[in-house]
Amino acid sequence: MKALYFLKAPIVVFLIGYLCLQAGALLKIRHWPGADETITLSYFVIGIAVLLALFKIISLKKPE
């Protein structure tokens, strides 16, 4: 796990987005208001997490 320590922040953001997505799905199933907005917001958060992880992976320097 020590090797992937640099991905700690993107993983946390991704998990927050995933939990919001699950909450939005529950709201959608129960036909409660705010479901569409919650799902849309969670997809934006997940997208930001993926982009952040890709940026961190690309900006890694090769160990010498």
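The values are calculated or read from the model by the stated rules, or taken from the named source; none is laboratory data. For clarity, every value in this text was computed on a predicted model and none was experimentally measured. Methodologically, a virtual Cβ is constructed for each residue, glycine included, from the backbone with ideal geometry; neighbour enumeration extends over all protein chains shown. Side chains included, ligands, DNA and RNA excluded: accessible areas come from the protein's heavy atoms. Shrake-Rupley method; radii C 1.70, N 1.55, O 1.52, S 1.80 Å.
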Item to check | Qualifying positions in the range 17-56 - within 30 Å of Y5 (Cα to Cα) and of a type in the set (K, R) | outcome: K56
Item to check | Unmet requirement for K8, which otherwise passes all of (1) in contact with a helix residue (DSSP H, G or I) (Cβ under 8 Å, 6 or more places away or on another chain); (2) part of a helix (DSSP H, G or I) | outcome: (1)
Next on the checklist: Report every pair of residues separated by at least 6 positions or lying on different chains whose Cβ atoms are under 7 Å apart, first residue within the range 18-29 and of a type in the set (F, W, Y), second surrounded by 13 or more Cβ atoms within 10 Å (Cβ to Cβ).
Outcome noted: Y18/I46
Checklist entry - Could you count how many residues in the range 25-47 are open to solvent by 100 Å² or more (accessible area, probe 1.4 Å) and of a type in the set (V, I, T)? => result 1
